[in-house]
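The values are calculated or read from the model by the stated rules, or taken from the named source; none is laboratory data. It should be emphasised that the depicted structure is a prediction, and the values quoted were computed from it without experimental measurement. Glycine also receives a Cβ, built like all others from the backbone with ideal geometry; neighbour counts cover every protein chain displayed.
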């Protein structure tokens with residue numbers, strides 16, 4: 001996984017982005033992104049979010065077609081390659097959990113005979 005993480009980091013740097021610049025584009029906190037870029041093992045959905053934020057696409061290329069694809073990429077002029085549209089991903093909202101109340105913290109109920 002290390003080579004892929006290096007490609008992600010190199011692409012971010014090539015775009016002149018810092019980690020905190022990329023986080024609104026990929027929908028995660030800077031700490032989450034930093035951990036992923038340094039030693040993460042991201043899920044496919046996470047890689048898709050990061051690719052979109054880096055104006056990239058994820059592709060599975062059959063090995064028998066790899067050389068032809070690499071040749072086409074290396075010979076393409078900048079005008080032949082259109083950037084992929086970037087879609088902003090909203091960060092996941094944290095759900096606030098209710099504090100557990102211990103029985104002794106509950107207000108005392110009055111009985112009908114009080």
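Answer with yes or no whether residue 59 is modelled with pLDDT under 85, outside any helix (DSSP H, G or I) and under 20 Å from residue 3 (Cβ atoms). Judged against the criteria, residue 59 is a match.
Tallying residues that are in a loop (DSSP other than H, G, I, E, B) and modelled with pLDDT of 85 or more within segment 3-40 yields 7. Filter segment 2-60 down to the residues that are free of Cβ contacts under 8 Å to residues at least 60 places away in the same chain and at positive phi, then identify the one that is surrounded by the most Cβ atoms within 10 Å (Cβ to Cβ). My answer is 55.
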